[in-house]
Amino acid sequence: MSKDTIHNLASSMLCLEGMNLGKIDEGVVLELRKRLLVELERLLPPPEVVPERRLEHLVETVVTSQIDSCLYHNSSVAISLYEDHCCGRDQIPTETVQILTEHKNEVWFVQFSNNGEYLASSSSDCSAIIWKVLEDSKLTLKHTLRSHQNPVSFVAWSPDDTKLLTCGNAEVLKLWDVETGICKHTFGDHGFIVSSCAWFPDSKRLVCGSSDTEKGIFMCDCDGNEIKAWRGTRIPKVLDLAVTPDGENLISVLSDKDIRILNLGTYAERVISEEHPITSLSVSVDCKNFIVNLNSQEIHMWDVAGKWEKPFKYTGHSQNKYVIRSCFGGLDSTFIASGSENSQIYIWNRRNSKPIEILSGHSMTVNCVSWNPKRPKMLASASDDHTIRIWGPCQSSEI
C-alpha cells in the first residue's frame, strides 16, 4: 500500500472520529485504526518498529534480573520497578523457634508433608512421630508410631498426605494411616532389607530399593503386591532412590557412586558416575533438578533432563563418615539446606556455591533437614543430640 493510501486511511479515520459517534459504527473506526497501524508497520523501516509485547518482555527481564541478584529472595510479593529490590535475611529461617524433645535417642530423619501441615520424624529409639503444624507455626505431637524393633531410618509421605511409610534399619517397611496413627500394612519379613522407598503421584503405588542385590528395585501397591521389578547385575545394591513429583523419572543411587535416571515412560536411562561415595538424594519440586550429598564434603546439583555436562557444586559443610541429608526449599526451591557433622546447618542460594547462612544450635551431628513446602520460612532439623529444631526468621517476622 502506498503513502497515499495510508494518508487516505488516516483522513477517513479522522473524519469519522470527528462525527457524532452515535450515528456511526464504532467497529468501523477500530478497524480503520488497525489497518492504519498495520500499514505503518509495513512502511516504516524495521529498526523503527517495536516488536509485539517488547515492553512486557523488557519489564519481565528486569524483574527476573532483580530476583536473581537477591540472595535472600523468598517472597511472592510483586517486585516494584520504582526501586531496587533487595530482601533481608529475615526472609529465610535463621533462628530456632521451637525445640522438640520427645525422641529418646538420635533423630535420623525429618520430612514435612506435601501440604505443609505435618512433620514426620524417625529415630534410633525405634519410633517415628507425626507432628501437627498449628496455625501459629508451633508443632504439637499427633501420633507416636511404635511397632519397629530396630531404629527407624527414614519416612516417606504419600503425595496426598494420608499415608506414611516408615522403614526400620535392616528391618520391615510399614504403612501408617496418618489420621488414626494405625499401622495398615507391613511389607516383607525380618529378612526384608529396604534401603529407601518413594511414592508415585497417585498415592497408590510405591517403589522400594534394597541393599540386597537379589531384590534390587521393585514397584508394588499398598498391599505389597509386586507390579514391576528391576533386578540383576545391572541393579547392584540401592542406597537411595526418588521418584520425580510428576512420576516420569525414577532416580536411584547404586553402589555408592552411580546415579541412574530411568524414564518410566520410554525406559530410556542415563547413568552419572560420581568420584566419591553418595549418601543421599533429593529432588526439586519442579522435577528439574536433584542434589546428592557426597562424603567429600560437597553437594552436587544435576539436571534431570541430562543437559548439563558438570554439576553445580556446593561446599562449606562438614561430611566425612555419616549419612547427611540435604533438601531444596523456599519459594520456587530457591535454596538448598543441609545438615553437617559439625552440628550446624548450612543454607545456600542455589545460584551460589558458598553458604549464605550457617545456623548454630544443635550440639551434635545434624543428620537431616526438611524445608516446609507451604511455609517458605520454616525449616526442621534432626540431630544426634536427640532433638528436632524448628527454625524460622527473626522473631520480629512471621514464619
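Once divided by 2.2 N^0.38 Å, the Cα radius of gyration of segment 303-394 becomes 1.08. The H on the amide N of Gly247, modeled in the peptide plane, is under 5 Å from the matching H of no residue at least 5 residues off or on a different chain. Ordering Arg54, Arg350 by accessible surface, largest first, gives Arg54, Arg350; the 1.4 Å probe counts only protein heavy atoms, with every chain in place. Measuring nothing but how far apart in sequence close Cα pairs (under 8 Å, 6+ apart) lie, relative to its length, segment 201-255 scores a relative contact order of 30 percent. Ranked from largest, the principal axis spans of the Cα set of segment 68-215 equal 64, 33, 25 Å. Once C-alpha pairs closer than 8 Å and six or more residues apart are averaged by separation and normalised to the residue number of segment 326-374, the relative contact order reads 39 percent. In terms of the mean number of neighbouring beta-carbon atoms within 10 Å, the peptides 150-159, 223-232 order highest first as 150-159, 223-232. Coordinate range of the alpha-carbon atoms in segment 153-216 per principal axis, descending: 33, 22, 16 Å. Taking amide H as placed 1.01 Å from N in the peptide plane, the amide H of Glu357 sits under 5 Å from that of Ile347, each at least 5 places away or on another chain. Modelled label positions at Val285 and Arg89, each set 7 Å beyond Cα in the direction of Cβ, lie 2.5 nm from each other. Rounded to whole Å, the principal axis extents of the Cα atoms in segment 246-322 read 38, 25, 21, largest first.
For segment 288-349, what does the alpha-carbon gyration tensor say about shape, rounded, prolate or oblate, given a ≥ b ≥ c as the root eigenvalues, a/c under 1.5 as rounded, and a/b over b/c as prolate? It comes out oblate by the Cα gyration axes. The calculated P(r) of segment 171-291, using every Cα pair and 10 Å bins from 0, goes 13, 45, 34, 8, 0 in percent.
Annotation: amide H of Ala170 within the under-5 Å range of Val194, sequence separation 5 or more or interchain, hydrogens built in the peptide plane. The relative contact order of segment 243-399, computed from alpha carbon pairs under 8 Å that lie at least 6 residues apart in sequence, is 13 percent. Looking at segment 100-166, the GluC sites (Glu not before Pro) that sit in a DSSP loop and have at most 12 other Cβ atoms within 10 Å of their own Cβ are Glu135. Each peptide in 295-301, 263-269, 141-147 receives the mean, over its residues, of other Cβ atoms within 10 Å, and ordering these scores from highest gives 295-301, 141-147, 263-269. With an a/c value of 1.5 or above and a/b not larger than b/c for the gyration tensor axes a ≥ b ≥ c computed over the alpha-carbon atoms, segment 267-308 is described as oblate.
Karplus-based coupling profile of segment 140-145, in residue order and whole Hz: 10, 5, 9, 9, 9, 9, with θ = phi - 60° in 6.51 cos²θ - 1.76 cosθ + 1.60 and x standing for Gly or Pro.
Of the GluC sites (Glu not before Pro) found in segment 328-399, the ones in coil according to DSSP and having at most 13 other Cβ atoms within 10 Å of their Cβ are Glu398. Computed from phi, the 3J(HN,Hα) profile of segment 311-322 under the Karplus parametrisation 6.51, -1.76, 1.60 (θ = phi - 60°) reads x, 8, 10, 10, 9, x, 7, 10, 7, 10, 9, 9 Hz, with x in place of Gly and Pro. A P(r) calculated from all alpha carbon pairs of segment 208-367, with 5 Å bins opening at zero, reads 2, 9, 18, 20, 20, 15, 9, 6, 2, 0 percent.
Sequentially through segment 271-284, phi angles give Karplus couplings (6.51, -1.76, 1.60; θ = phi - 60°) of 10, 10, 10, 8, 7, 10, x, 9, 10, 7, 9, 8, 10, 6 Hz, Gly and Pro residues having no value and appearing as x.
The values are calculated or read from the model by the stated rules, or taken from the named source; none is laboratory data. The structure displayed is predicted, hence computed values, not measured ones. All Cβ positions, even for glycine, are placed from backbone atoms using ideal geometry, and neighbour counts span all protein chains on display. The area values use the complete protein model at the heavy-atom level, side chains included, leaving out ligands, DNA and RNA. Shrake-Rupley method; radii C 1.70, N 1.55, O 1.52, S 1.80 Å.
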